[in-house]
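Q: Sharing a structure here in structure tokens format.
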Amino acid sequence: MVESGNHLLDAALSPQRVFITKERSKEALLNYLVDKLGHCGEVDDQQALHQAIFTRESLMSTGIGLGIGVPHARISSVRRMILAVAVNDQPLEDYEAIDNHPVQIVFMVAGRPDQQSNYVRLLAVLSHVVKQPENRDALLKATSTEEIYQYIRKSL
Amino acid sequence: MQDILLILGIGVFGGMMGAWLFQKLRIPQVIGYIAIGLIIGRSGLGIIGDVEIPALRPFSYLALAFIGFLVGGELEGKIFKQYGKQFIGIMLGEGLGAFFVVGAGTGLILWFITGSIPAALAGGIVFGAISSATDPASTVDVLWEYRSKGLLTTGLISVVALDDALALTLYALGTSVASLLVGGEINLNELLMTLGVELIGSGLIGVFCGFGLSLLVKHSRSSDRSLTLLVGCLLLIAGVCLKHKLDVILCAMAAGATLINASPHRSKPLLESLRAFASPIYVMFFVMVGARLQLTSQPAWLWGIVAFYVVGRTIGKYAGTWIGATTSKSPALLKNYLGLGLFAQGGVAVGLSMMAGQHLSGVEVLDGLDLGTVVVSAVTATTLLVQLIGPASVKWAITKTGEIGRNVTEEDIIKELKVADVMHTDPATIREGDLLTEVFNKFSNHDQLCFPVVNNDGACIGVISIDSLKSLFVEQEIWSWMLAGDVMVPIKDIVSVDAPLAEAMETMTQMEAEETILRNPQSRLPVGIFDLRSAKRSVSKKLLQRQGV
């Protein structure tokens, strides 16, 4: 069954998985988020998640334009669909986004292989939200993870 | 009793071995059963001998009841409405054709040998009457074995079902005339009365049983119970007919024909069940036919009668069919080929010869040899010969008219096929790195309901189906950055290429899957798509081809 966007986001995101980071490369930021998701209790095999995220990046960058990155993967060692958000203090020039602009806001999504419809729905909702300029500005100006978390929930 | 069970075991098992061997030689299985009977019977090893044959006689009557009922079950009224006149015309033609040719020829030979006109006429009439009967059992067995269907098949079943009555009538009239000719005491009125009672009585009891069965079938909810009732009814038919000297085949045939026409839909599955149930009884019946035949040393001129009987009967049946078909304005197919399917001679002829053996035992043709013995010996020998020629000839006729293999159902086709026979080969593939925009293009440019998703090595790692694409139609903003690998469903090898189609279809139905990708188990390269809808379409197409539609 396909669930509604806000319900999916509520279930996938928690305040503990929202971060303000100071990484200096795409690889470092992705490793940071994989590590956080790997330790959140919903992933049985962090190494598999790491490999899946980077394999996906090798096919095509998940920089979707307008400073946004959406790395994502579906693997069987994830118990349920989860989301981590990082707002980096600086734009990352090496993200190789489709519009060639640096990436500063990253949403990492991990789901199970059998969750195709909800997974697509969540990615579509995130893409829609962050493509609004006022939402992006609000996330970049936020000073705390709680503020980012609340804003994302409110935007949906 | 122990011996009888052992003999039944040897008979059925041996018969099946014979059938298997003959099928390998592309010869109808019924000849295999009879050949095994010959080997283990009176003319061979003697395992089934003079003691066992009478003990197994009730069994043969039961088999005749089964055969008669199944043949009757093929006689649907709608066919008679269309071709009834033609079938009756052909039946009269072939029966009378054999009667006159065999009667005249054997009569001449007997006159030449004995110099007695009455004895020659009596012998000729009896031989002619016996020769008019066609064996429905072995004829229909060939039609069933080769799943034959069509006008010729229907014509053959109808004619062999009807000509027993003609043979009985000719025999009754013939023996009366023969007895009169050789000076025996015979009351023609009494004989005609007996014949009338036999034919009408058998028919009426059969019709009554058929209606009774149709009522039982309508009210029975269990197919097992219906089958048990039917077998019970056939045992009753065989028993009553034996007790009252009625014709078992005719009675059972009338019951079968009544049932199929009274409740066609409910009785067809029942007839199928009976056919499966009757299989070992059938095998044993034909083994007994072979076992009963006794080839003893006979005077040379008797072999002349045998030879003429076989040749004359063949000519008489074929020419008679042609004349009957022409007179009744039958289609050319019936005119040219139906006669070829009427050569088999079986239980009715042997039974009539036994009766003639008693009726004519007092007529001496030569020193120490009576006409009754001549008839029994000659008919036994001719039965052996025509039982070898008859079924092969039936097969030839249905082969020539292309009716072999047409009596098939979807289930039969499905049983014959494997997944590889119906799968869509060389499917177009999608690479895991293809953007969704390219995926949508693939779907619009190819007539495929699903696509295998392959990695850089060409190995299939997932599948995208038209159903899974539905959720993406509304999410157009992700089309430019989502890849096929992001939305594919991981592949599950639920069906293999060499799996039987029936098994694969059942698996798919259980898993509620409409289509699946087939992979090479070693290389994991996609080799095809198995789609339930396409598979069903292929099966329907093959069915129509096989049925000649």
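The values are calculated or read from the model by the stated rules, or taken from the named source; none is laboratory data. These numbers were taken from a predicted model, which means no experiment stands behind them. Here Cβ is always computed from backbone atoms with ideal geometry, including for glycine, and neighbour counts include all displayed protein chains. Just so you know, the surface numbers come from the protein's heavy atoms only, side chains and all, with ligands and any DNA or RNA stripped out. Shrake-Rupley method; radii C 1.70, N 1.55, O 1.52, S 1.80 Å.
Q: Using modelled backbone amide H atoms (1.01 Å from N, in-plane), which distant-in-sequence or interchain residues come within less than 5 Å of B:Asp434's amide H?
A: Hits under the 5 Å cutoff: B:Ala484, B:Gly485.
Q: Got a sec to turn the phi values of the range B:4-15 into Karplus ³J(HN,Hα) couplings, 6.51 cos²θ - 1.76 cosθ + 1.60 with θ = phi - 60°, whole Hz, x for Gly and Pro?
A: 4, 5, 4, 5, 4, x, 4, x, 5, 5, x, x
Q: Another question, if that's okay. For helix B:347-359, what angle does its Cα long axis make with the longest principal axis of chain B, in degrees from 0 to 90 and rounded to 10?
A: 10
Q: Also: To the nearest 20 Debye, how big is the dipole of chain A about its Cα centre, given +1 on the beta carbon of each Lys and Arg and -1 on that of each Asp and Glu? Mind showing how you got there, number by number?
A: Working: 16 positive and 19 negative charges, 67 e Å.
Dipole about the Cα centre, nearest 20: 320 debye.
Q: Give the accessible surface of chain B per residue, rounded to a whole number of Å², with probe radius 1.4 Å and ligands, DNA and RNA excluded.
A: 44
Q: Just need the relative contact order of chain A here, percent rounded to a whole number, with Cα pairs under 8 Å and 6+ apart. All intermediate terms of the calculation are to be shown ahead of the outcome.
A: Numbers: 267 pairs, mean separation 44.6, N = 156.
That works out to 29 percent.
Q: Report the far tail of the P(r) of the protein assembly as shown, meaning the percent of Cα-Cα pairs longer than 43 Å. Please report the intermediate quantities before stating the final value.
A: Details: 121043 of 248160 pairs.
For the protein assembly as shown, the share of Cα pairs beyond 43 Å comes to 49 percent.
Q: Same structure again: How large a share of the accessible area of the range A:5-155, in percent, is made up of carbon and sulfur atoms when the probe is 1.4 Å and the other protein chains stay in place?
A: 47
Q: Now for a separate question. Starting from the amide H of B:Lys418, placed 1.01 Å from N in the peptide plane, find each other amide H under 5 Å away whose residue is 5 or more places distant or on another chain.
A: Answer set, sorted by chain and number: B:Leu501.
Q: Let me know the shape class of the range B:75-116, please: from the alpha-carbon gyration tensor, a ≥ b ≥ c as square roots of the eigenvalues, rounded when a/c is under 1.5, otherwise prolate if a/b is greater than b/c, or oblate.
A: Values: a/c = 8.14, a/b = 5.41, b/c = 1.50.
Prolate shape, in that a/c is at least 1.5 and a/b is the bigger ratio.
Q: Moving on. If you roll a 1.4 Å probe over the range B:415-546 with all protein chains in place, what percent of the accessible area is carbon or sulfur? Please report the intermediate quantities before stating the final value.
A: Details: 3310 of 6780 Å².
Carbon and sulfur together cover 49 percent of it.
Q: Looking at the range A:65-108, which residues lose a minimum of 40 Å² of accessible area between their chain alone and all protein chains in place, measuring with a 1.4 Å probe and not counting ligands or nucleic acids?
A: Going by heavy-atom accessible area, the residues of the range A:65-108 that drop by at least 40 Å² are A:Arg74.
Q: Compute log10 of I(q)/I(0) for the range B:84-166 with the Debye formula, placing one identical point scatterer on every Cα and leaving out solvent, at q = 0.20 Å⁻¹, to two decimals.
A: -0.83
Q: Next up: Could you give each residue of the range A:29-40 its phi-based ³J(HN,Hα) in whole Hz, using Karplus coefficients 6.51, -1.76, 1.60 with θ = phi - 60°, and x for Gly or Pro?
A: Going residue by residue, I get 5, 5, 4, 4, 5, 4, 4, 5, 5, x, 9, 8 Hz, with x marking Gly and Pro.
Q: Also: Given the convex hull of the Cα atoms of the range A:5-155, what is a quarter of its surface area in nm²?
A: Numbers: hull surface 30.6 nm².
Result: a mean projected hull area of 7.7 nm².
Q: Suppose a student asked you for the relative contact order of the range B:415-546, using Cα pairs under 8 Å spaced at least 6 residues apart; what percent would you report?
A: Details: 208 pairs, mean separation 43.8, N = 132.
Normalised by residue count, the contact order of the range B:415-546 is 33 percent.
Q: Which ³J(HN,Hα) values, rounded to whole Hz and listed in residue order, are derived for the range B:170-175 from phi using the Karplus coefficients 6.51, -1.76 and 1.60 in 6.51 cos²θ - 1.76 cosθ + 1.60 with θ = phi - 60°, glycine and proline given as x?
A: Running phi through 6.51 cos²θ - 1.76 cosθ + 1.60 with θ = phi - 60° gives 4, 5, 4, 5, x, 5 Hz.
Q: To make sure I understand the rule: partners must be lysines, Cα under 19 Å from the Cα of B:Lys400, and not fewer than 8 residues away in the same chain. Which ones qualify?
A: Reachable lysines: B:Lys149, B:Lys317, B:Lys335.
Q: Please name the residues of the range B:416-438 whose accessible area, counted over protein heavy atoms with a 1.4 angstrom probe, falls by no less than 10 Å² between the chain alone and the full protein assembly.
A: B:Glu432, B:Gly433, B:Leu435
Q: Over every pair of different alpha-carbon atoms in the range A:4-68, take the mean of 1/r and invert it; report that Kirkwood radius in Å. Write out the running numbers ahead of the final one.
A: Values: mean 1/r = 0.0745 Å⁻¹.
Roughly 13.4 Å, rounded to one decimal.
Q: Which value at 222 nm does chain B reach when only helices count, each DSSP H run of 4 or more adding -39,500 (n - 2.57), with the total divided by all residues and rounded to the nearest 500 deg cm²/dmol?
A: Roughly -23000 deg cm²/dmol at 222 nm, from the helical runs in chain B.
Q: Oh, and also: Across peptide A:52-61, what mean number of C-beta atoms from other chains lies inside 10 Å of a residue's C-beta?
A: Details: counts 0, 0, 0, 3, 5, 0, 1, 10, 8, 1.
Averaged over the peptide's residues, the number is 3.
Q: Which percent of the accessible area of the range B:61-359 is formed by carbon and sulfur heavy atoms (probe 1.4 angstrom)?
A: Numbers: 8150 of 11940 Å².
It is 68 percent, rounded to a whole number.
Q: What is the magnitude of the charge dipole of chain B about its Cα centre, with +1 placed on the Cβ of each Lys and Arg, -1 on the Cβ of each Asp and Glu, and no other charges, expressed in debye to the nearest 20? Numbers along the way, then the final one.
A: Numbers: 39 positive and 44 negative charges, 233 e Å.
So the dipole magnitude of chain B works out to roughly 1120 debye.
Q: Interface size between chain A and chain B, please: total buried accessible area, 1.4 Å probe, rounded to the nearest 100 Å².
A: Numbers: alone 7690 and 25180 Å², together 31260 Å².
Buried area between the two chains comes out at roughly 1600 Å².
Q: Beyond 17 Å, what share of the Cα-Cα pairs of the range B:11-141 is found? Please give it as a whole percent.
A: Value for the range B:11-141 (Cα pairs over 17 Å): 74 percent.
Q: Taking the dipole about the Cα centre of the protein assembly as shown, with the C-beta of Lys and Arg at +1 and of Asp and Glu at -1, give me whichever of A:Gly63, B:Leu229, B:Gly351 is farthest to the positive side.
A: Result: B:Gly351, furthest along the dipole toward the positive end.
Q: Also, quick follow-up: Measure of size requested: the Rg and Dmax of chain B, with Cα atoms as the atom set and Å as the unit; please supply both.
A: Final numbers for Rg and Dmax: 30.6, 110 Å.
Q: Mind listing, in residue-number order, the residues in the range A:112-134 that have at least 10 Å² less accessible area with every protein chain present than in their own chain alone (1.4 Å probe)?
A: At a threshold of 10 Å² (probe 1.4 Å), the residues of the range A:112-134 that become less exposed are A:Pro113, A:Gln116, A:Ser117, A:Tyr119, A:Val120, A:Arg121, A:Leu123, A:Ala124, A:Ser127, A:His128, A:Lys131.
Q: Tell me, what is the per residue accessible area of the range A:5-155 in Å², probe radius 1.4 Å?
A: On the way: 6420 Å² over 151 residues.
With all protein chains present, the range A:5-155 gives 42 Å² per residue.
Q: Given Cβ point charges of +1 (Lys, Arg) and -1 (Asp, Glu) and nothing else, what value in debye, to the nearest 20, does the dipole of the protein assembly as shown about its Cα centre take?
A: Working: 55 positive and 63 negative charges, 350 e Å.
Using Cβ point charges on Lys, Arg, Asp and Glu, the protein assembly as shown gives about 1680 debye.
Q: List the equivalent ellipsoid semi-axes of the range B:415-546 in whole Å, largest first, each obtained as the square root of 5λ for an eigenvalue λ of the Cα gyration tensor.
A: Details: eigenvalues 154, 50, 31 Å².
Working through the eigenvalues yields semi-axes of 28, 16, 12 Å.
Q: Using a cut-off of 12 Å between beta-carbons, work out the net charge of the residues near B:Asp434 (Lys and Arg +1, Asp and Glu -1, B:Asp434 not included).
A: Numbers: positive: B:Arg431, B:Lys442; negative: B:Glu432, B:Glu438, B:Asp486.
Summing Lys/Arg as +1 and Asp/Glu as -1 gives -1.
Q: For chain B, find the longest principal axis of its Cα atoms and tell me its angle to the long axis of helix B:77-114, 0 to 90°, nearest 10.
A: So the inclination is approximately 40 degrees.
Q: Okay, next question. Amide H to amide H, which residues 5 or more places from A:Arg74 or on other chains are under 5 Å from it, using H placed in the peptide plane?
A: A:Gly111
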